[in-house]
Amino acid sequence: MPATVIVGLQWGDEGKGKTTDFLAEQVAMVVRYQGGDNAGHTVVLGDEVFKLRLVPSGVLYPHITSLIGNGVVVNPATLIGELDMLAERGIDTARVRVSRSAHVIMPYHIALDRAMENRLAGEKVGTTGRGIGPTYADRALRIGLRMEDLLDADGFRHKLERILPDKNDILVRRHGLEPFDAERLLDEAMAWGERLRPHLADTTWLVQDALRRGDHVLLEGAQGTLLDLDHGSYPFVTSSNPIAGGACTGGGIGPLQVDEVIGVMKAYSTRVGSGPYPTELTDEVGRGIAERGREYGTVTGRPRRVGWFDAVPLRYAVAVNSVSSIMLNKLDILSGIDEIRLCVAYEIDGRRVEAWPSSADLLARAVPIYERFPGWREEIHGIRSIGDLPEQARRYVAALEEHAGVPIILVSVGPERTQTIERAFRPMRWRPALAGPPGAGPAASAAGPAEAGAAGE
Ligand code: GDP
Ligand code: IMO
Ligand code: MG
């Protein structure tokens, strides 16, 4: 039975929460594999809206085991608050498990994240201020505290006594802030440990046992490919690997255990925080999309920057994630726009560029080259079949699919679980090197992403 990775193909907020919830009905387990409470995943069920930051979006189904994998950085206070919120709303959280190896976001990580951003002044990354970068940095430096440390007071004190003087030194001397008190941190951490003790587990074995039993496992990414530490426009990225490969390191599975990678994207683009964004709209059209799409950050409440869909990074994202199929969200938000634009290439320093440039400097100079599509006026929330979409909407979806080079299998026309158009064809194990069978959908016929990328500069 398959392991399916769900990965954001843009700058996050593509609707991964909706996608995971939609697909979770048929699976036994959902695993979050990276990021922390910088994520905000929204699931809408009837009139109820759930905003999840750490617990995987499958938690609303009673039959699902929800795992927070070793690749996640956990703010225990956020997690406890989320478990309480879910329990108050009648959701069973008994089957939520957190990796003992996941790293703990400590209060000094949050203080350092915010202090470092302040010092960057005009060059801020625009982080969510949740301590994500400093926690992953300590993990790499091998001075991080892990969830299992919350269960061992003596061990925790010993480690904290080694780490805290350096942290306080930076906070006090560099940033003029108050130092943290070791005993108070210890008390807080032990209280977190007591509360979370029943949820801590070796999640890698839970995933491996599930796959061996033949259960279907979903792996839910946070953020998106263009915020990936290695593949986004560094340094305007997050500090983990949202790409599908991150599901292996952060979820506890091997590459050959992944059968399917479902990319999630929305019908336009948004970005929160700083960094180059060639298709950004700062006019009335952009404001209209932001308003209709309610584009405000789930975590920070910041307005999201809005722009046209950009097929240049899409082709890169399909390749680097080995995307086998796509869910397209928020098509309904484009109703009522006279002319829709789709960026197909850039002009950089007078040259046409079709391959996503890895350099933020190059990207900052990119001028989008657009294809234009006539829009449609009708509301489409009630449509459940591709054939019933307005002709103009179908043409736009077909163009997106052609650029992706893999099939769009699901189209979402509203936030609610049922506001979804399903197409029958769902390929697994798409391999760029192999030609598909004749007539097996756009993956077989369109120029593959490898080819499209190579057309490049
Ligand atoms: P995530 O971080 O990728 O899970 O995405 P967010 O939850 O941060 O942002 C997506 C927002 O769009 C949420 O408010 C969803 O409820 C909403 N949403 C998802 N799909 C659709 C859709 O097809 N149409 C509309 N109108 N809203 C959607
Ligand atoms: P979901 O999972 C959108 C952005 C921040 C900032 C950069 C680094 O809901 O899609 P960080 O706090 O991670 O160090 O900030 O990454 N960012 C997100 N943008 N959606 C998210 O999560 C994000 N998580 C982080 O705005 O630009
Ligand atoms: Mg979000």
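No value in this document is a laboratory result; all are computed from the given coordinates. Here the structure is a predicted model, which is why all the values come from computation and not from measurement. So basically every Cβ, Gly included, is an ideal-geometry build from the backbone, and we count neighbours across all protein chains shown.
Note that segment 340-395 shows a convex hull volume over its alpha carbon atoms of 123 Å³ per residue.
The fewest-to-most ranking of T249, T128 by surrounding Cβ atoms within 10 Å reads T249, T128. A Cβ-based charge dipole, computed about the Cα centre of segment 1-136 with Lys and Arg at +1 and Asp and Glu at -1, lands at about 400 debye. Semi-axes of the equivalent ellipsoid for segment 59-218, computed as √(5λ) from the eigenvalues of its C-alpha gyration tensor and ordered from largest down, come to 31, 18, 15 Å.
May I ask for the angle, rounded to the nearest 10°, between helix 391-404 and the longest principal axis of the chain, with both axes built from Cα atoms and the value confined to 0 to 90°? So the helix axis and the longest Cα principal axis differ by about 60 degrees. Qualifying trypsin sites (Lys or Arg not before Pro) in segment 352-410, where qualification requires a DSSP coil assignment and no more than 10 other C-beta atoms within 10 Å, comprise R377.
Are there any GluC sites (Glu not before Pro) in segment 245-309 that are in a DSSP loop and have at most 16 other Cβ atoms within 10 Å? List them by number. Answer by residue number: there is no such site.
Using only the alpha-carbon atoms, how far is helix 107-120 inclined from the longest principal axis of the chain? Give it as 0 to 90 degrees, nearest 10. Long axis of 107-120 versus the principal axis of the chain: about 60 degrees.
Simple spin-label estimate for R119 and R302 gives 1.9 nm between the two label positions (7 Å along the Cα-to-Cβ direction from each Cα).
Overall shape: prolate for segment 103-194, with the ratio a/c of the largest to smallest alpha carbon gyration tensor axis at 1.5 or above and a/b above b/c. If you take all other residues with their beta carbon under 9 Å from the beta carbon of G46, and give Lys and Arg +1 and Asp and Glu -1, the sum is -2. Each of M265, M116 has some number of other Cβ atoms within 10 Å of its Cβ, and from fewest to most they run M116, M265. Across all Cα pairs in segment 82-132, the calculated P(r) in 5 Å bins from zero up to the longest distance comes to 4, 17, 16, 13, 15, 14, 10, 7, 4, 0 percent per bin. Shape index of segment 327-372: Rg/Rh, with Rg the Cα radius of gyration and Rh the Kirkwood radius from the inverse mean 1/r over Cα pairs, equals 1.09.
Each eigenvalue of the Cα gyration tensor of segment 287-340, multiplied by 5 and square-rooted, gives one semi-axis; in descending order these are 23, 16, 11 Å.
Run through segment 50-121 and list the trypsin sites (Lys or Arg not before Pro) located in a DSSP loop whose Cβ has at most 16 other Cβ atoms within 10 Å. Here the sparse-neighbourhood loop sites are R89, R95. Compactness ratio of the chain: Cα Rg over 2.2 N^0.38 Å, N = residue count? With N residues counted in the chain, Rg over 2.2 N^0.38 Å equals 0.97. Principal-axis analysis of the Cα atoms of the chain puts helix 203-213 at an angle of about 50° to the longest axis. Note on segment 174-220: Kirkwood hydrodynamic radius from all Cα pairs is 14.4 Å, rounded to one decimal. Here the relative contact order of the chain, from alpha carbon pairs under 8 Å that lie six or more residues apart, stands at 19 percent.
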